[in-house]
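The values are calculated or read from the model by the stated rules, or taken from the named source; none is laboratory data. For clarity, every value in this text was computed on a predicted model and none was experimentally measured. So basically every Cβ, Gly included, is an ideal-geometry build from the backbone, and we count neighbours across all protein chains shown. Ligands, DNA and RNA are stripped out before the accessible areas are found, and what is left, the full protein with its side chains, is counted by its heavy atoms. Shrake-Rupley method; radii C 1.70, N 1.55, O 1.52, S 1.80 Å.
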Amino acid sequence: MEQHQFDMVIRNANIATATDIFQADIGIRCGKIVALAQSLLAGAQEIDAAGRWVLPGGVDAHCHLAQPTSDGSVMADDFFTGTRSAACGGTTTVIPFALQQKGSTLEQAVRDYHVASDGRACVDYAFHIIVADATVHTVETELPDLIERGYTSFKLYMTYEDLKLNDRQILDILSITRREGAMSMIHAENTDCIAWLTERLLAKGLTTPIYHSLSRPSVVEREATHRAISLAEFLDTPVLIVHVSGREATEQIRQAQSRGLRIYAETCPQYLFLTADDLGSDGFEGAKCICSPPPRDEGSQQAIWDGLDNGTFQVFSSDHAPFRYEGAEGKKVAGEDGDFTRVPNGIPGLETRLPLLFSEGVLAGRIDINKFVAVTATEPAKIYGLYPRKGTISIGADADIVIWDTTQKRTIRNEDLHHHVDYTPYEGREVGAWPAVTLCRGEVVYRDGEFTGRAGHGAFVRCERPKPARPKSRLGRTLAWLDVL
Ligand code: DUC
Ligand code: ZN
Ligand code: ZN
């Protein structure tokens, strides 16, 4: 039998990374990229990619799968359906959240999440951890221990009754993530403003989905973003502001970055492709677009596009939060008469994230192909300690590769998607790009409209510490010298 040097060769690839564009054949062996050359010998399998963009598989650094809730709702996607959907949309690594329950430990959250994911995932995955109960044990013992074991990013909420932390608790956590070189991700909305306004809206009978958006105006996000940045500056440590929705928060971040602070930021498709008007459509239907922070207006959409192009945002994630519209477990958990506070927050988007950004960003000329790769794969991989194994096309990297089809237009229809949610907010929208082939560690998991992967191919990936934090500001140097950080 003929012996091949490669398990797979992708021929004539038009490759883009975050920095370069070049033509090459890609040789894959044992799930890794082992050769890039103008012409390679035959592989056991071959794909001709002539005329196609060939990009690193997407890294979706913010999605929710099989996450427990506290209101009786149930997430529709588990690790199988969620990662199947990811594969079909060109994403080969996901980072969902292991949620600490109040009264429980981070350790328990991580253990439960491994039980939920083991043998179920179709693409690779790492975990962020949500810290909801900042006890001394959690902060001082569990955080350093988990960071050592490959869980290096922690989401901290400034709002949501069952998740929120106060500034003092956030400082306690930041001081540990700073010392250990881990990353804190902050959900920035002012919880008291939201509660105050919500009470008044409900008292006036203003309960339909559109009032969700009014209850969390831009200023609420701007204030909390400013405060999160200030806490990070105070301790001279990096933080990443997740799911930034509005022009005002974007300005805060840009200004902080221009002062040399290590503030990272993420945005999501809903802030480019939806507005608050989408929450106001027919009766309860607007619930489909309820998420927090809420979609804003066209001015904010433009500010988010600008922020992607000018580098304010390093990360573009889906924030896939899979609640069905029909039935009693999703958006209607409190019935159609339930007020907006009873609607589970979140929008599905794992599968549509990359095609939407490719079409409206790259093909429409708003961002270039290198920026697309940077924000959808390379930068999230770097920030969360998965690079260079994930997020690029280079020798030694995992063979996570997407061959894109930009030759035909396609209309997004929920019936064609592979998640377990019964709607997409992008129903009927036309896109000019969709993956033709997705490979995860060398295995074809999606090809020409068909999911070809399997539960159990996806493996857990340990995250390295992103970067050691070094004191940079005068305050940071002084506090470090006094040994109080
Ligand atoms: N907001 C979050 O903070 N997480 C999930 C979805 C959402 O809308
Ligand atoms: Zn959030
Ligand atoms: Zn989220």
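Listed values, structure above:
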| read-out | value |
| --- | --- |
| Given K371/K409; K204/K332; K155/K371; K164/K331; K382/K409, the pairs whose alpha carbons are separated by over 27 Å | K382/K409 |
| Protection-proxy order for peptides 333-339, 87-93, each taking the mean of Cβ atoms within 10 Å per residue, highest first | 87-93, 333-339 |
| Cβ-Cβ FRET estimate between Q45 and T411, R0 fixed at 30 Å, reported to 0.05 | 0.45 |
| Full-stretch length increase - L482, A364 - with 0.36 nm per residue and alpha-carbon distance subtracted | 37.2 nm |
| FRET efficiency for L197 and K102, using Cβ-Cβ distance with R0 set to 30 Å, rounded to 0.05 | 0.75 |
| Computed [θ] at 222 nm, deg cm²/dmol, the chain (DSSP H ≥ 4; -39,500 (n - 2.57); rounded to nearest 500) | -7500 deg cm²/dmol |
| Candidate lysines for bridging to K32, where Cα separation is under 18 Å - those fewer than 8 sequence places away on the same chain excluded | K390 |
| Accessible solvent surface per residue of the range 186-265, calculated while the other protein chains remain in place, 1.4 angstrom probe, Å² | 41 |
| Rg/Rg_ref, the range 58-383, where Rg_ref = 2.2 N^0.38 Å and atoms are Cα | 0.93 |
| Length gained when the stretch E336-S394 is fully extended (0.36 nm per residue, less Cα-Cα span) | 15.8 nm |
| Label-zone membership for the range 122-141, site T452, 7 angstrom Cα→C-beta point, backbone N under 20 Å | 122-124 |
| Förster-model FRET efficiency, 22 Å R0, D71 and V219, C-beta, rounded to 0.05 | 0.25 |
| Nonlocal amide H pairs with A436, under 5 Å, H built at 1.01 Å | I403, W404, D405 |
| Under 5 Å, built H, 5+ apart or other chain: amide partners of L36 | G27 |
